[in-house]
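A.B. asks: This is the structure I have questions about; it appears just below.
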């Protein structure tokens, strides 16, 4: 399982993913689930993936191949797409094609793979956008009413987002929010785990201002986790 979350704020985009892949109690591994692409000063795009690893990795591989110019007819390059909407459509079409190929191969075994992706970024002259792309190729977009999207094991980290995140939330507070959301998820589900990948795209910067890997035992993350636990205990104790 996995957990990925993205915030679309007035000030920019805040993105976080875990890296744990669990195929059984004795088969746990680490795989990157956040993939970043940029053209300095022109566009910055992040793709966060959850679900069947063969589907998501093949999709990313095809997208990279198209960027390198090796598959321009089959898959247009997301770094040449005229808008973030076109980027989401390219990724949706590629994910759907891969999903159908893998599904056909797994059908005799009675297995049905699934995968979802968060697509976030901004192109020069366009707006910050955040999409959730389904394996069928369709997608939804974050709005001012719901300025965040999640994929994977999302239920444990959702309450803090529902209560706190707003479009006017600052990037600093957004960073704390996604980390607390992840911490809550890891506390309740062992299939989600560190290291964590964090990225921040500031509005109209067209680049990744932050790209950070948070390793197990990170003192700042541990302090935030303990401070949040203490705040919850103190808040509970103060209730009438």
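A.B. asks: Which order do 80, 179 fall in if you start with the one that has the fewest other Cβ atoms within 10 Å? Intermediate values should be presented prior to the final figure.
C.D. replies: On the way: 80 14, 179 22.
Ranked by crowding around the Cβ, least crowded first: 80, 179.
A.B. asks: Over the chain, what is the relative contact order in whole percent, taking alpha-carbon pairs under 8 Å and six or more residues apart?
C.D. replies: Relative contact order for the chain comes out at 28 percent.
A.B. asks: Once fully extended, how much extra length lies between residue 223 and residue 1, figured as 0.36 nm per residue of separation less the alpha-carbon to alpha-carbon distance?
C.D. replies: 77.4 nm
A.B. asks: For the Cα atoms of the chain, what angle does the longest principal axis make with the long axis of helix 219-238, in degrees from 0 to 90, nearest 10?
C.D. replies: That helix lies at roughly 50 degrees to the long axis.
A.B. asks: Based on the Cβ-Cβ distance of residue 238 and residue 211, what FRET efficiency does E = 1/(1 + (r/R0)^6) give at R0 = 51 Å, to the nearest 0.05?
C.D. replies: 0.85
A.B. asks: Let me ask another. Quick one: length gained pulling residue 136 to residue 173 fully straight, 0.36 nm per residue minus the C-alpha distance?
C.D. replies: 9.9 nm
A.B. asks: Still on this model: At 0.36 nm per residue, and after removing the present C-alpha to C-alpha distance, how many nm does the segment from residue 106 to residue 144 gain when stretched out fully?
C.D. replies: Using 0.36 nm per residue and subtracting the Cα-Cα distance, I get 9.7 nm.
A.B. asks: When 182, 194 are ordered from fewest to most other Cβ atoms inside 10 Å of their Cβ, what list results?
C.D. replies: Lowest count first: 194, 182.
A.B. asks: Put a dot 7 Å past each Cα toward the Cβ at residue 39 and residue 93; how far apart are the dots in nm?
C.D. replies: Modelled inter-label distance: 1.8 nm.
A.B. asks: Ok, one more. Label points 7 Å out from Cα along the Cβ direction at residue 191 and residue 79: separation in nm?
C.D. replies: 3.5 nm
A.B. asks: Now, a different point. What are the extents of the Cα atoms of the chain along their three principal axes, listed from largest to smallest and rounded to whole Å?
C.D. replies: The Cα atoms of the chain stretch 63, 47, 30 Å along their principal axes.
A.B. asks: Let me ask something else about it. Starting from the Cα of residue 203, move 7 Å in the Cα-to-Cβ direction to define the label point; list residues of the range 109-137 whose amide nitrogen is under 17 Å from there.
C.D. replies: 121-130
A.B. asks: A further question on this structure: So if R0 is 51 Å, what FRET efficiency would residue 61 and residue 230 give, r being the distance between their Cβ atoms, rounded to the nearest 0.05?
C.D. replies: 0.70
A.B. asks: Now, a different point. For a quick check: sort 98, 87, 28 by the number of other beta carbons within 10 angstrom, fewest at the front.
C.D. replies: Values: 98 23, 87 28, 28 13.
In order of increasing Cβ crowding within 10 Å: 28, 98, 87.
Coordinate-derived values only; no laboratory data. If you're wondering where the values come from, they're calculated on a predicted model, not measured in any experiment. Methodologically, a virtual Cβ is constructed for each residue, glycine included, from the backbone with ideal geometry; neighbour enumeration extends over all protein chains shown.
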